[in-house]
Amino acid sequence: MNKQTNSFYDKFSLFYPLVDVLLKPQKKVLFNEVNRLTDGNLLEIGVGNGTHFKYYNKHKITAIDTSEAMVKTARKNSAENIEVLKMDGELLLFDDEKFDYVVLSHVIAVVTRPEQLISEAYRVLKPGGKMFILNHFTPNNWLKYIDQSFAIVSKAFHFRSVFYIEDLESIKKFRLSKEIHFGLGSYFKLLIYKK
Ligand SMILES: C[S@@+](CC[C@H](N)C(=O)[O-])C[C@H]1O[C@@H](n2cnc3c(N)ncnc32)[C@H](O)[C@@H]1O
C-alpha cells in the first residue's frame, strides 16, 4: 500500500463514477463470467466505490480497499451478501485457502507491489479456485508506444500505463484458463486464471 495512492483515491472517489461509465461494458462481461460459476466465497480486491455490486447475483462477497472514502461509498452500495473492509490487498488478513474466487478489476497496475498482490491472491485461493483480472495490458503492437509516452503522466494518476503481466513471477503459479479481449488492439483484457 502506498499512502499517496491512498490519498489520491480518497479524493478521486468523488469523480470515480465518471471513470465507471467508461469501464461499464467490460465489467458487464466480467460479471457475466463470475455469475456463471457455482456458489462460493468471492474476494474482490481494490473494490472502489462498489457501484457494480448490483451485478453480483449469487456469491458471498468480501470486498476490500485501502481508501477510506472508497470503503465508505462501497458500504453504502453493499447488500446483505457483501462485506466491505478496509484492508491492503498486498497484505491480506485472511487464512490460506479461504476463497473460491478472487476478482482484481483495474487494480493490478495501481498497487505498489503487483507481485505481492498476486502472491496474496494465490495464498487465499482454494486449490482449483479462480482469479479474474480485468485490466489494460501493454500490447505488443503500436499501442505500446502510447503506453510508453503516458508513463510519466500515468504516475500522476497513480497507475502504470506500461504494464506486462508476464513480467510477474507470481502469475506463473496459475494456469490461464480463459482470455477475453476488448477494444482497440485488445488493449483491455479479462484474464481468468486457475490455481
Ligand atoms: C482504478 S480503482 C478500481 C476500482 C474498481 N475495482 C473498478 O474496477 O472500477 C483502484 C482501486 O484500488 C484501490 N487500491 C489501491 N491500492 C490498493 C491495495 N494495496 N489494496 C487494496 N486496494 C487498493 C484504490 O483505492 C482504488 O479504489
Compare the Cα positions of 32, 136, 103 along the charge dipole of the chain (+1 at Cβ of Lys, Arg; -1 at Cβ of Asp, Glu; about the Cα centre) and return the one farthest towards the positive end. 32
To the nearest 20 Debye, how big is the dipole of the range 3-135 about its Cα centre, given +1 on the beta carbon of each Lys and Arg and -1 on that of each Asp and Glu? 460
Placing each pseudo-label 7 Å from Cα in the direction of the beta carbon, residue 57 and residue 172 end up separated by a distance in nanometres of 4.1
Where a Cα-Cα gap under 22 Å defines reach, which lysines qualify for residue 11, not counting those fewer than 8 residues away within the same chain? 3, 24, 72, 76, 86, 155
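Could you work out Rg/(2.2 N^0.38 Å) for the range 1-71, with Rg from alpha carbons only?
For the range 1-71, the normalised Cα radius of gyration is 1.18.
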Taking a probe of 1.4 Å and leaving out DNA, RNA and ligands, the chain shows per residue an accessible area in Å² of 51
With a 1.4 Å probe and every protein chain kept in, tell me what percent of the accessible surface of the chain is carbon plus sulfur. 57
With the cut-off at 16 Å, report for the range 142-195 the share of all Cα pairs above it, as a whole percent. 56
Alpha carbon convex hull of the range 3-135, projected area averaged over orientations, nm²: 7.3
Could you name the lysines in cross-link range of residue 27, using Cα to Cα under 18 Å and dropping any fewer than eight places away on the same chain? 54, 58, 130, 178, 189
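The values are calculated or read from the model by the stated rules, or taken from the named source; none is laboratory data. Bear in mind the structure is a predicted one, so any value in this text is a computation, not a measurement. No Cβ is skipped: glycine too gets one built from the backbone with ideal geometry, and neighbour counts run over all protein chains shown. The accessibility values were calculated without ligands, DNA or RNA, using every heavy atom of the protein model including side chains. Shrake-Rupley method; radii C 1.70, N 1.55, O 1.52, S 1.80 Å.
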